[in-house]
Structure formats: structure tokens, C-alpha cells
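Contents: one structure, followed by commentary.
The values are calculated or read from the model by the stated rules, or taken from the named source; none is laboratory data. Everything quoted here is computed from the prediction, not taken from an experiment. Cβ sites come from the backbone with ideal geometry, for glycine too, and all protein chains shown count toward neighbours.
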Amino acid sequence: MCAAPLERRIVAERERSACPACGWVHWDNPVPVVAAVIEYEGRVLLARNAAWPPKIFALVTGFLERDESPAAAVAREVKEETNLDACAANLIGVYDFARNNEVIVAFHVPAAGEIRLSPELAEYRLIEPARLRPWPFGTGLALADWMRSRGLAVQFLPPPHG
């Protein structure tokens with residue numbers, strides 16, 4: 001706030017960046033993100049971001065806007081990214097994603113309409129729910145919980161190397 005360099009110190013029982021001159025604290029709170037398990041014609045839509053390598057598909061996600069509820073945000077993101085209309089937004093759960101400093105609010109979104117991807121997405125796949133193999137972190141945990149709620153067996157993909 002005052003342009004003095006920040007330093008690391010203990011504030012509210014955690015190490016944080018803070019200004020020694022004016023006392024401003026960078027809290028670095030997690031960012032809320034919505035994720036959609038999009039169910040379209042009995043299958044689940046997984047999409048590949050245009051910036052990702054081939055064969056990497058995931059749920060449609062996005063950030064909340066100011067004064068927007070998570071349910072409204074997920075419906076907006078589904079429309080923006082796939083052109084589909086959300087018929088409902090049923091909460092699956094809330095998941096931490098520490099790697100990206102995010103909190104994911106995941107929904108099951110039955111959707112209808114004609115799929116047209118935004119330029120942000122390169123391609124999509126429609127997968128039978130019983131054939132899904134979630135990833136063992138982030139939105140994959142929400143997908144696994146949705147599968148379990150449907151009585152489906154969950155077999156996670158192996159964790160990525162690196």
C-alpha cells in the first residue's frame with residue numbers, strides 16, 4: 001500500500017508477507033472456483049483447454065464474478081465454454097486445491113443444447129459415466145464423489161509424474 005518492500009513475518013499464527021512500514025498484510029486467501037460435472041445426453045462432458053497438451057481432459061471450471069452465487073457462476077461457465085444451457089446446478093461438494101491456492105465448489109450440471117466450444121477449449125469428449133477414470137486431485141475428487149453418488153465404482157488414474 002505504501003510501496004515499502006514486504007517482509008515475511010508471523011501474522012495471525014501464520015507466516016505471511018507484510019509491510020513493516022504501514023502494517024498492510026498480504027493474506028493470500030484461496031480463490032473460489034466452480035467446477036461442472038456436465039451431464040449431456042446421459043454422458044459426461046470432459047474438455048481439453050487449448051493451452052494443455054493432447055489427451056488431457058478435465059471438467060469445465062471458472063472463477064466466480066463479484067455478486068455472483070456459485071450456482072449462477074457454474075451455469076454461466078457452462079454456457080460460455082460449451083454453449084450448453086444448465087438445467088440445474090446440484091452441489092457435489094467443496095474441495096481444496098492447494099497447488100493453485102483455490103477452493104473448488106463442484107456441481108453436477110445436467111445440460112441441454114448444441115455443443116459449441118469457446119476458443120479457450122480445443123476439444124471435448126463425451127464419456128459414459130461408468131467408463132470415467134478421475135484424476136486423484138482437484139476436480140477429479142469431485143468427479144469421483146459424483147460417481148460414487150451414482151453407485152459407480154471409482155478407479156483413479158495414476159498420479160502424474162513430476
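Counting residues in region 35-44 that are out of contact with any Pro (no Cβ under 6 Å at 6 or more places or on another chain), part of a loop (DSSP other than H, G, I, E, B) and not small (Gly, Ala, Ser) gives one or more. What number of residues within region 89-126 are surrounded by 14 or more Cβ atoms within 10 Å (Cβ to Cβ), of a type in the set (A, V, I, L, M), in contact (Cβ under 8 Å) with a residue 60 or more places away in the chain and more than 13 Å from Gly62 (Cβ to Cβ)? Summing the residues that are surrounded by 14 or more Cβ atoms within 10 Å (Cβ to Cβ), of a type in the set (A, V, I, L, M), in contact (Cβ under 8 Å) with a residue 60 or more places away in the chain and more than 13 Å from Gly62 (Cβ to Cβ) in region 89-126 gives 6.
Taken over region 51-71, the criterion of being in contact (Cβ under 8 Å) with a residue 12 or more places away in the chain and more than 19 Å from Leu126 (Cβ to Cβ) is satisfied by Gly62, Phe63, Leu64, Pro70, Ala71.
If you go through region 51-73 and keep only what is farther than 15 Å from Pro134 by Cβ, surrounded by 12 or more Cβ atoms within 10 Å (Cβ to Cβ), out of contact with any Asp or Glu (no Cβ under 6 Å at 6 or more places or on another chain) and of a type outside the set (Ser, Thr, Tyr), you end up with Trp52, Phe63, Leu64, Glu68, Pro70, Ala71, Ala72, Ala73.
Screening Ala86 against (1) surrounded by fewer than 20 Cβ atoms within 10 Å (Cβ to Cβ); (2) in contact with a Lys or Arg (Cβ under 8 Å, 6 or more places away or on another chain); (3) not acidic (Asp, Glu) leaves a single unmet condition, (1). Hey, can you tell me all the residues within region 1-15 that are of a type in the set (A, V, I, L, M, F, W, C) and in a loop (DSSP other than H, G, I, E, B)? Of everything in region 1-15, those that are of a type in the set (A, V, I, L, M, F, W, C) and in a loop (DSSP other than H, G, I, E, B) turn out to be Met1, Cys2, Ala3, Ala4, Leu6, Ala12. Where strands (runs of 3 or more DSSP E) sit wholly within region 45-148, those with at least 2 residues that are closer than 21 Å to Val31 by Cα and under 14 Å from the mean Cα position of the chain (by Cα) occupy 60-63, 90-97, 102-112.
Put simply, of Ala36, Ala3 the only residue that is small (Gly, Ala, Ser) and surrounded by 14 or more Cβ atoms within 10 Å (Cβ to Cβ) is Ala36. Selection of first residues in region 16-28 that are in a loop (DSSP other than H, G, I, E, B) and of second residues that are of a type in the set (Asp, Glu), restricted to Cβ pairs under 7 Å at least 6 apart or on distinct chains, gives the following pairs, ordered by first then second residue: Pro20/Glu7.
Output the residue which, of all residues in region 144-160 that are within 19 Å of Leu45 (Cβ to Cβ) and aliphatic (A, V, I, L, M), is modelled with the lowest pLDDT. Per the criteria, the residue is Leu157. Restricting attention to region 21-37, which residues are aliphatic (A, V, I, L, M) and over 12 Å from the mean Cα position of the chain (by Cα)? Within region 21-37, Ala21, Val25 meet the criteria.
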